[in-house]
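What follows is a short report on a single structure.
Readers should treat all values here as calculations from the given coordinates under stated rules, not as data from a laboratory. Computed from a prediction, not measured in an experiment: that's the story for all the values here. Note that each Cβ is placed from the backbone with ideal geometry, even for glycine, and that neighbours are counted across all protein chains shown.
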Amino acid sequence: MLEWFGVISGLLYLYLEIQQKTSMWVVGLVSSLVYVLVFFQNKFYADALLNLYYVVISLYGFWMWKLGKSLSKEDETHHSYTTLTWKLTVKLSIVTVAIFSLIYFVLIKYTDSPVPIGDSVVTTLSFVATWMLTRKMIEQWFIWMFVNSLSVYLFMYKDLKPTALLYLCYGILSVVGYLKWKKFKRIDLKK
């Protein structure tokens, strides 16, 4: 039952994300709390940690979208997106490698994770893509397309069929999200 609640709230979260509704952050917080338990019970420790991160980033994302000053004033009334710069791409690449290395080391050394590489990749890229979402960076959709595809495989492997179905839907909706956002207005961040 808990897993199914997570699936339904996760789909609602993604729908609200595609629509760029700030309420997605509240739904995401609740869904993430549920999945902390589901993943911990199934020994997906990095995914459980990731969902703890989602709880915190949901608060930050809500603040950025509702109260933050990093997005243009026009953004308050119009759907928009930003794009990565080369400088930020390099920084995020370095951070991604560092986070992956740390998570992989911890999973290998201190847990009985059955899929440490896959769990580390999904978790690391999800950290990065969610941060990019707080900045409305359209490239985050490409990362989600990859993460969601890999997640379907991992969750089927652990017999988490409802969650695998959720991530299959996430994968499809990642493409839909990208195409929808591409129609929005592009804005440049000041920093």
Amide H partners (placed H, <5 Å) of E139, local residues excluded: L84
28 Å Cα-Cα reach of K185 towards lysines, excluding residues that sit fewer than 8 places from it in its own chain: K21, K66, K69, K73, K87, K91, K136
Point-charge dipole on Cβ atoms (K/R +1, D/E -1) for the chain, about Cα centre, debye to 20: 740
Convex hull per residue volume in Å³, alpha carbons only, for region 134-176: 61
Under 5 Å, built H, 5+ apart or other chain: amide partners of Y81: K185, R186, I187
Pair I108, Q41: separation of 7 Å Cα→Cβ label points (nm): 3.1
Cα gyration tensor, region 1-142 - rounded (a/c under 1.5), prolate or oblate: oblate
Spacing of the two label points (7 Å from each Cα toward its C-beta) at R186 and V56, in nm: 3.3
Label-to-label distance, nm, for residues given as V95 and V175 (7 Å Cα→Cβ offset): 2.9
